[in-house]
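Inspection log for the structure reproduced underneath, given as structure tokens.
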Amino acid sequence: MAGYISEETINDILNTADIVSTVGEYTRLERRSGNDWWGCCPFHGEKTASFHVDGDKKFFYCFGCKKSGNIINFIMEMEKLSYADTLVALAKKNGIPIKYKDGFKPDENFKKNDEIEQNIDLYERTASMFHYFLLETEQGKKALDYVIKRGLTRETIEKFKLGYAPADRKWLKVFLRKKNYSDDFLNKSGLFSSKYPDYSFFSDRLMFPIFNRRGQVVAFGGRVIPPADESQRKYLNSGELIQFKKKETLFGFNFAKDAIRREKKVILCEGNMDVIAYHQCGLDYAVATLGTAFTEEHVKMLQGFVADGAVYLSFDSDGAGQAATWKAIKLCREHDLTVKIIRLQGGKDPAEIMLKYGAENLTAQVNNAILDSDYLLLRLGEKYPLDTPEGKRKAALEYFLYIDVLQSSIQKESCLELLCQTFNLKPEAVKRDFNNRDQARARTNIRSNNNQKEEVKQIKLDAELRGLIAVIADLDQFKVLHSNVIEDDFQNQSAKKLFKILEVCFNGQHFTINDILSHCDDEQLMQLITGSISSGVYKSGQVGVIVEDTIKYLKKNRLFAQRDKLLQRIKEYKVITEDDQKQLNNLLTEKLELDKKVQALGQK
């Protein structure tokens, strides 16, 4: 098909498109002389720049992996596009009209590329409308008040094009129809519910447009606005779309890439508001993952920019945040990237610290980030009793897993010495254990099964998970479950994760088992789902009973939790005046009502 594109168009692309700025979107380039540019190769991991771009001759060559070619070859390799799709993408990016040979007209072969462009146009227009609602309408006032209360300036709001999705879920469809979009196109766009195609996917939420690296809106993230209905999911992201792949996208990367290139470092966050707060404070090299784990594709996006710099991790300090930090450390170190950890103090997130103490305080905390090796030793010191031989042994074995992923022998040696100094161990004994073949084999087994063992501990087929898997076996039951329970009713973290996935799929374009499994990035959980259903445990006649029992179980637990809080209030309540006594009597009456509800559930 590319043979039908005229030579004139191809030449226009090669002559007009700037290879230096294009390659610079994927790796940091430095000018050495004239129009010769050098950087770390974006195709293979390296710390010493061996990738050369000749701006005058418009070609690239890597002395390491030997990849070479012009801008067309570069985009084909980086984006995994066909030759024809690459020509079309470069022509559109550079404003070059596409001409075809002998009057040829594009047919279905260009359908995918055209669909991507049409979707982006739709999302750009929708983002502009959401932005207008936030800044210019009474409907958006509560969302605007919320972001201002969080400390965001008008300049920041406009930079990130924040918006508000109206509470009226039918408004968007009506508006877009007036703009001559067909129902068939809109129903496939990801902006509307598959179950109820006239209802928008996002409603009454603060909207975060998600941009691709070229600054085009390709998806959305939505946050409920406090105070919100507890049954609503706090955060909601667009599902996988033809123009949007979560594992290949980082929120804020379009704004951050120049700063990352300049500063040779990147801050990796957990949430959109974290990124925005860092940017407002002048730390404009922050990005975040989008409702998924940090992936190898994400590392490759950043590698060319920070190969001789560092990745700064800014995750929560809770158990999930520490687990995510370790996984990110491991992935970065496997690609020979330096890692530092930001330990935030004085607030639950960067936005709160910015609001309470100002940009200087947040900047100072980033500047005081510690190396991952020091962070892990501190964490291990808190995790194990280092005043016992067994505690020291366990801490050392776990730290060996970190040393194993280091790419430099010098780094390994230095970290072994640091381990000895920190835990007061004899170097000979530590090195002997580390180099011992039996120990090495044991570490290899631990390393390969480490995540699995952690997940096995978390994933227990309890009443919560059993009920959710029963729902997956008969998806019609989800409406029953969803109308009776909310995410916070689940205590099992794996069940909570699975309930979120079910909500996303139910509100999205597809609600099938395959869709649910495609959203599940947890291998152990996926195995549990497929294995349980395949075993025939969830027969059609039993699913309804299991779901009913699960609802009863979750409701009872919810009531128990409410009663425990109430008992604590009663216990701490001090009666001084008559009004105090009346209030206490009200609390006691409330407890009796809860007891009755618990008893009623038990009798059903």
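The values are calculated or read from the model by the stated rules, or taken from the named source; none is laboratory data. Note that this is a predicted model, so its numbers are computed, not measured. Cβ: placed from backbone, ideal geometry, glycine included. Neighbour counts: every protein chain shown. Note: accessible area is taken over every heavy atom of the protein model, side chains too, but ligands, DNA and RNA are not part of it. Shrake-Rupley method; radii C 1.70, N 1.55, O 1.52, S 1.80 Å.
Among the residues of the range 15-32, the ones that are part of a helix (DSSP H, G or I), open to solvent by less than 20 Å² (accessible area, probe 1.4 Å) and over 20 Å from residue 259 (Cβ atoms) come to 1 in all. Considering only residues that are within 30 Å of residue 473 (Cβ to Cβ) and in contact (Cβ under 8 Å) with a residue 12 or more places away in the chain, look in the range 553-578 and name the one that is surrounded by the fewest Cβ atoms within 10 Å (Cβ to Cβ). So, considering only residues that are within 30 Å of residue 473 (Cβ to Cβ) and in contact (Cβ under 8 Å) with a residue 12 or more places away in the chain, the one surrounded by the fewest Cβ atoms within 10 Å (Cβ to Cβ) is 560.
Restricting the range 192-214 to residues that are of a type in the set (S, T, N, Q) and part of a loop (DSSP other than H, G, I, E, B) leaves a set whose member that is farthest from residue 182 (Cα to Cα) is 212. The number of residues in the range 360-373 that are touching a strand residue (DSSP E or B) at 6+ places or on another chain (Cβ under 9 Å), open to solvent by less than 30 Å² (accessible area, probe 1.4 Å) and among the aliphatic types (A, V, I, L, M) comes to 2. Take the residues in the range 305-336 that are in a loop (DSSP other than H, G, I, E, B) and open to solvent by 10 Å² or more (accessible area, probe 1.4 Å), then tell me which one is farthest from residue 497 (Cα to Cα). Among residues in the range 305-336 that are in a loop (DSSP other than H, G, I, E, B) and open to solvent by 10 Å² or more (accessible area, probe 1.4 Å), the one farthest from residue 497 (Cα to Cα) is 308. Condition test on residue 414, is it surrounded by fewer than 16 Cβ atoms within 10 Å (Cβ to Cβ) and either in a loop (DSSP other than H, G, I, E, B) or modelled with pLDDT of 90 or more (or both)? For residue 414, the condition - surrounded by fewer than 16 Cβ atoms within 10 Å (Cβ to Cβ) and either in a loop (DSSP other than H, G, I, E, B) or modelled with pLDDT of 90 or more (or both) - is met. Pairs under 6 Å by beta carbon, first residue closer than 13 Å to residue 472 by Cα in the range 527-552, partner at pLDDT 85 or above and not in a helix (DSSP H, G or I), six or more apart or different chains? Within 6 Å, the pairs are 543/474. Can you find a residue that is of a type in the set (Ser, Thr, Tyr), surrounded by fewer than 17 Cβ atoms within 10 Å (Cβ to Cβ) and modelled with pLDDT of 75 or more anywhere in the range 473-486? Checked the range 473-486: at least one residue is of a type in the set (Ser, Thr, Tyr), surrounded by fewer than 17 Cβ atoms within 10 Å (Cβ to Cβ) and modelled with pLDDT of 75 or more.
Evaluating residue 542 against the criteria (1) modelled with pLDDT of 75 or more; (2) surrounded by 15 or more Cβ atoms within 10 Å (Cβ to Cβ) leaves one unmet condition, (2).
Screening residue 183 on (1) within 20 Å of residue 128 (Cβ to Cβ); (2) open to solvent by 30 Å² or more (accessible area, probe 1.4 Å) shows it passes everything except condition (1).
The single condition among (1) surrounded by 18 or more Cβ atoms within 10 Å (Cβ to Cβ); (2) closer than 24 Å to residue 337 by Cβ that residue 66 does not meet is (1).
Checking 316, 274, 284 one by one, the residue that is of a type in the set (Asp, Glu) and more than 17 Å from the chain's Cα centre (by Cα) is 284 and no other.
Conditions (1) touching a Leu at 6+ places or on another chain (Cβ under 6 Å); (2) open to solvent by less than 20 Å² (accessible area, probe 1.4 Å); (3) over 25 Å from residue 308 (Cβ atoms); (4) assigned to a loop (DSSP other than H, G, I, E, B), marked per residue:
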site	(1), (2), (3), (4)
13	yes, yes, yes, no
57	no, no, yes, yes
81	no, no, yes, yes
87	no, yes, yes, no
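Here residue 584 passes the criteria (1) surrounded by 14 or more Cβ atoms within 10 Å (Cβ to Cβ); (2) within 25 Å of residue 484 (Cα to Cα); (3) modelled with pLDDT under 70 except the one numbered (2). Among the residues of the range 359-378, just one is farther than 28 Å from residue 300 by Cα and touching a residue at least 40 places away in the same chain (Cβ under 8 Å), namely 359. If I filter the range 169-178 for residues that are closer than 23 Å to residue 479 by Cα, outside any helix (DSSP H, G or I) and open to solvent by 10 Å² or more (accessible area, probe 1.4 Å), do I get at least one hit? Yes. The residue pairs whose first member lies in the range 403-425 and is farther than 26 Å from residue 46 by Cα and polar (S, T, N, Q), whose second member is part of a helix (DSSP H, G or I) and open to solvent by less than 40 Å² (accessible area, probe 1.4 Å), and whose beta carbons are closer than 6 Å, counting only pairs six or more residues apart or on different chains, are 422/377.
Conditions tested, residue by residue: (1) closer than 30 Å to residue 491 by Cβ; (2) open to solvent by less than 50 Å² (accessible area, probe 1.4 Å); (3) at pLDDT 95 or above; (4) not charged (D, E, K, R).
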site	(1), (2), (3), (4)
405	no, yes, no, yes
423	no, yes, no, yes
426	no, no, no, no
431	no, no, no, no
436	no, no, no, yes
441	no, no, no, no
456	yes, no, no, yes
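Confirm whether residue 141 is open to solvent by 70 Å² or more (accessible area, probe 1.4 Å), touching a residue at least 40 places away in the same chain (Cβ under 8 Å) and not aliphatic (A, V, I, L, M). No. Of the candidates 397, 376, the single residue that is surrounded by 15 or more Cβ atoms within 10 Å (Cβ to Cβ), of a type outside the set (Ser, Thr, Tyr) and more than 25 Å from the chain's Cα centre (by Cα) is 397. Determine whether residue 533 is open to solvent by less than 30 Å² (accessible area, probe 1.4 Å), within 25 Å of residue 292 (Cβ to Cβ), assigned to a helix (DSSP H, G or I) and at pLDDT below 85. Against the criterion (open to solvent by less than 30 Å² (accessible area, probe 1.4 Å), within 25 Å of residue 292 (Cβ to Cβ), assigned to a helix (DSSP H, G or I) and at pLDDT below 85), residue 533 does not qualify. In the range 318-360, the residue that is farthest from residue 289 (Cα to Cα) out of those that are polar (S, T, N, Q) and in contact with a Phe, Trp or Tyr (Cβ under 9 Å, 6 or more places away or on another chain) is 322.
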